[in-house]
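Data first, discussion second: the structure below is written as structure tokens.
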Amino acid sequence: MGIFSSPNSLQKVLGAPGVEGKSVTKLTKGGLTEFIQSIIVKTEEMKEPFYILDLGVVMSLYENWTQNLPMIQPFYAVKCNPEPALLGALAAFGSNFDCASKGEIKAILALGVSPDRIIFANPCKAESHIKYAASVGVNLTTFDSKEELDKIRMWHPECKLLIRIKPPLECKDVRELSTKFGALNEEVLPLLRSAKGLGLNVVGVAFHIGSAAKDSRAYREAIAAAKAIFDTAILLGMPKMYVVDVGGGFTADSYFNEMAPVIKAALQDYFPNEPGLSVISEPGRYFAETSSTLVTNIIGKRVRGELREYWINDGTYGSFNGIPRDNIRPTITCTPIACMSNPSNPTCKELCTYKATVFGPTCDSLDTILKGHQLPELHVNDWLVFKEMGAYTAAGGSNFNGFDMASTSTYLAF
Ligand SMILES: *Cc1c(COP(=O)(O)O)cnc(C)c1O
């Protein structure tokens with residue numbers, strides 16, 4: 001039994017800001033479908049899409065993190081999924097937070113989290129947001145340009161800084177963060193000199209190897225690069241650095257168990273005997289992805305020969321915004337709940353299937369979610385369930401075409 005799997009931890013979750021006062025349904029093993037059906041029945045009139053956030057999954061993931069990477073403090077990347085119950089539960093477990101804007105900082109402070117548990121991990125910030133961070137006491141941020149240093153010198157000169165570097169090993173990742181962020185190798189020395197000249201306090205190095213990147217060598221190489229920058233700072237006569245921020249990129253699957261020992265070994269190899277060293281991380285996807293399930297309603301259907309085409313009420317302008325944007329397509333699959341057309345067998349067990357297309361609700365033809373997916377014969381008002389939909393989904397939704405896909409409700413389970 002893990003340290004978190006006790007009645008105490010359930011109390012912790014139920015009393016967390018963002019959770020307290022809301023209904024949290026206790027799930028039995030395999031009870032998710034039943035819970036979904038109960039919500040469908042209860043909200044029969046509305047037929048709006050909804051999420052189920054399983055706080056028990058979040059807890060197990062947190063536990064798994066602390067067991068495998070006990071020396072790395074997570075700062076959850078809020079942009080991945082800012083659902084207040086997820087933020088509150090993570091805060092209760094002991095996570096800190098990576099915020100990229102004034103709005104995200106406000107949301108975290110509103111949960112009662114103290115500002116010293118926040119990193120403002122956006123290397124290019126508007127002046128007004130820097131001023132806000134200074135006013136509320138958020139004192140750790142990243143930079144990768146001289147211009148950013150000038151703004152920080154002006155508006156938040158006491159702020160502790162991490163130099164964000166482009167990781168040395170390019171890996172194919174979902175969002176290609178390194179095309180936009182991170183100082184190049186040859187830019188590091190001049191940036192450190194500038195910071196020193198401005199009297200700023202550079203305390204360490206940050207990187208992000210890329211979201212859902214699968215190459216553990218990328219962490220190792222980036223940790224080696226961080227060590228080289230620690231050494232450069234000493235040569236420049238700067239105060240000794242003490243923070244390594246290994247960023248995000250983690251997925252909640254077997255890759256995590258592969259990455260963790262590689263990261264641990266790299267830290268031991270490059271930073272042995274470093275008593276004051278603080279290693280932090282910015283996982284987003286890891287905590288968010290598998291903890292949320294999306295349930296959508298079939299609002300339309302067309303039959304073309306053998307092909308079945310379905311329209312659902314969420315799409316690429318909503319929870320599926322990653323489909324047109326991501327480099328690597330996550331595999332999307334769905335399962336039906338046909339409580340309308342097949343109440344005696346709502347999960348359509350053992351029924352024959354047809355090749356199906358699933359469209360989103362807008363009038364953009366690119367708003368297509370699945371093609372060539374095998375589904376049983378479904379009807380208008382049946383439902384489709386998409387698992388592992390918590391990362392970069394609702395957070396990127398919009399109101400395009402008048403479909404409000406930015407404010408899908410979330411039901412809590414444990
Ligand atoms: C988006 C982002 C993260 C989170 O990345 P994941 O791949 O979801 O873990 C962490 N840090 C920064 C700076 C980011 O921009």
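Observations on the model:
- Of E309, E187, E274, E147, the order by accessible heavy-atom surface (1.4 Å probe, DNA, RNA and ligands excluded), from most exposed downward, is E147, E187, E274, E309.
- Residue separation of S365 and K42 scaled by 0.36 nm, minus their Cα-Cα distance, works out to 113.0 nm of gained length.
- Relative contact order (%) - criterion: Cα under 8 Å, at least six apart; region: the chain: 19
- Of K79/K371; K47/K355; K79/K125; K79/K387; K214/K349; K146/K166, those spanning more than 27 Å from alpha-carbon to alpha-carbon: K79/K371; K214/K349
- Within the assembled protein chains, the solvent-accessible surface assigned to V262 is about 40 Å², based on a 1.4 Å probe.
- Extreme residue, positive dipole direction of the chain, given options G88, P168, G276 (C-beta unit charges): G276
- Loop-located GluC sites (Glu not before Pro) across region 29-127 with a Cβ neighbour count of 11 or fewer within 10 Å are E44, E45, with loop assigned by DSSP.
- The residues K301, K125, K42, K146, sorted by heavy-atom accessible surface at 1.4 Å with ligands and nucleic acids left out, run K42, K146, K301, K125 from largest to smallest.
- In this structure, the amide hydrogen of S211, modeled 1.01 Å from its nitrogen in the peptide plane, lies closer than 5 angstrom to those of V174, R175, E176, L177, counting only residues at least 5 positions away or on a different chain.
- Helical mean residue ellipticity (222 nm; -39500 (n - 2.57) per DSSP H run of 4+; nearest 500) of the chain: -9500 deg cm²/dmol
- On the beta carbon distance between R302 and S407, with R0 = 25 Å, the FRET formula returns roughly 0.30.
- Computed from backbone phi with θ = phi - 60° and the Karplus coefficients 6.51, -1.76 and 1.60, the 3J(HN,Hα) list for region 305-314 is x, 7, 6, 10, 10, 10, 10, 10, 8, 8 Hz; x is used for glycine and proline.
- Selection from A222, A266, T232 lying farthest towards where the dipole of region 56-288 points positive, charges on Cβ: T232
- In the complete set of protein chains, residue-level accessible area for C352 is approximately 90 Å², probe 1.4 angstrom.
- For Y76, residues with placed amide H under 5 Å, excluding near neighbours: N96, F97, D98
- Region 56-288: C-alpha gyration tensor shape, a/c 1.5 cut-off, then a/b vs b/c: oblate
- A probe of 1.4 angstrom, applied to the heavy atoms of all protein chains, finds W65 with accessible area near 0 square angstrom.
- Contour minus Cα-Cα distance for N345 and R325 (0.36 nm per residue): 3.6 nm
- Size of charge dipole - the chain - debye, nearest 20, with Cβ of Lys, Arg +1 and Asp, Glu -1, no other charges: 280
- Contour minus Cα-Cα distance for I332 and K387 (0.36 nm per residue): 19.0 nm
- Size of the chain from its Cα atoms: along the principal axes, largest to smallest, the extents are 74, 47, 40 Å.
- Placing unit charges on the Cβ atoms only, positive for Lys and Arg and negative for Asp and Glu, gives region 56-288 a dipole magnitude near 380 debye about its Cα centre.
- A Förster radius of 56 Å combined with the Cβ-Cβ distance from E34 to Q268 puts the calculated FRET efficiency at roughly 0.75.
- Placing unit charges on the Cβ atoms only, positive for Lys and Arg and negative for Asp and Glu, gives region 238-366 a dipole magnitude near 540 debye about its Cα centre.
- Computed on protein heavy atoms with a 1.4 Å probe, the accessible areas place D116, D269, D54 in the order D116, D269, D54, largest first.
The values are calculated or read from the model by the stated rules, or taken from the named source; none is laboratory data. As the structure is a prediction and not an experimental result, all values here were calculated from the model. Counting neighbours? That spans all protein chains shown, and the Cβs are built from the backbone with ideal geometry, glycine included. Calculation scope for accessible area: heavy atoms of the full protein, side chains included, ligands and nucleic acids excluded. Shrake-Rupley method; radii C 1.70, N 1.55, O 1.52, S 1.80 Å.
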